[in-house]
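The values are calculated or read from the model by the stated rules, or taken from the named source; none is laboratory data. Because the structure is a prediction, the values reported are computed rather than measured. Please note: Cβ atoms are built from the backbone with ideal geometry, for glycine as well, and neighbour counts cover all protein chains shown.
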């Protein structure tokens, strides 16, 4: 008597019962994009522009975020728009940087939830800049005009070989000064406007 077909059917049934439960019920799965952000150089006493991360639920059950979010540095802030994220949906994680101290700084923000793949982390970076404080505050551009009196004496021989002298006095030459202030090295340009033009440049740091 042959029983091989019966044995094969029984074995296939066992395999099906073994693999089907593993394919169902993945639960909520959290995904955050991008993984990090650098706010760059920000002056102490000011706040950077906000940067938003996208927090997505790529699982098959509702993702529930646990508040508060945890930080490793007090200079950075983070808040999430929604704590309940349905399957296939997403929300925004709002972040900003208000530096204190000086130099490079960083923060790890942890998003705790019921995600089956564990907590999510984003890295925030920035540099605290201790810029000089001017009172009154500097404008981005300065314009000024001044009149400078001068005396010019010219000597030379005329066509007949006689010495001639020409004296010019009290002629005002307008000086236009334009200063543009920006981070890094700046220049002070003075333009002499009359019949001839020349330029001078002074380098300084702010």
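When we screen 135, 108 for residues that are at pLDDT 95 or above, on the phi < 0 side of the Ramachandran plot and either in contact with a strand residue (DSSP E or B) (Cβ under 9 Å, 6 or more places away or on another chain) or in a loop (DSSP other than H, G, I, E, B) (or both), the only hit is 108. Within segment 59-72, the set of residues being surrounded by 16 or more Cβ atoms within 10 Å (Cβ to Cβ) and touching a strand residue (DSSP E or B) at 6+ places or on another chain (Cβ under 9 Å) comprises 59, 63, 65, 69.
Results for (1) part of a strand (DSSP E or B); (2) modelled with pLDDT of 95 or more, shown as yes or no for each residue.
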{"residue": "1", "(1), (2)": "no, no"}
{"residue": "8", "(1), (2)": "no, no"}
{"residue": "11", "(1), (2)": "no, no"}
{"residue": "15", "(1), (2)": "no, no"}
{"residue": "21", "(1), (2)": "no, no"}
{"residue": "26", "(1), (2)": "no, no"}
{"residue": "45", "(1), (2)": "no, no"}
{"residue": "48", "(1), (2)": "no, yes"}
{"residue": "54", "(1), (2)": "yes, yes"}
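The residue of segment 47-58 that is farthest from the chain's Cα centre (by Cα), among those that are loosely packed, with under 14 Cβ neighbours inside 10 Å and under 16 Å from residue 33 (Cα atoms), is 54.
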